[in-house]
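Only one structure is covered here, and it is reproduced in the block below.
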Amino acid sequence: MFLWKTDTSPGAERKSDFEVNAKELLDPYVNRLSSLRGSVNEYYFAELVVSSWLKDLVDSEPQSEAAPKWLQDSGLYAAIKNGTVVMQSALAA
């Protein structure tokens, strides 16, 4: 996962400010939701994993020892704290 701090330069391309190992970050959620893996399609499963992580992040206290340093340094926590995570409803096929 790549994160950029806010940049006010329009159209400027630049290297990401943070690179985070998404596998390490999301593996606990994949494991926790593994019982659903065979009963939903892969896209919905991925959405469940990411939304679960985001919900935990929104409700968390980043000052805990378990919180990664990049979470504060990137500004991500400040941007989403006390926010709401909403999943789009699945459309019937």
(message) Quick check on this structure: which one of 37, 14 is farther than 24 Å from residue 68 by Cα and basic (Lys, Arg)?
(response) 37
(message) Out of the helices (runs of 4 or more DSSP H) lying entirely within the range 8-79, which hold 2 or more residues that are in contact with a Ser or Thr (Cβ under 7 Å, 6 or more places away or on another chain) and without any contact (Cβ under 8 Å) to a residue 24 or more places away in the chain?
(response) none
(message) Between 31, 41, which is modelled with pLDDT of 90 or more and more than 18 Å from residue 3 (Cβ to Cβ)?
(response) 31
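The values are calculated or read from the model by the stated rules, or taken from the named source; none is laboratory data. The shown structure was predicted, so the numbers you read here are calculated from the model rather than taken from an experiment. Here Cβ is always computed from backbone atoms with ideal geometry, including for glycine, and neighbour counts include all displayed protein chains.
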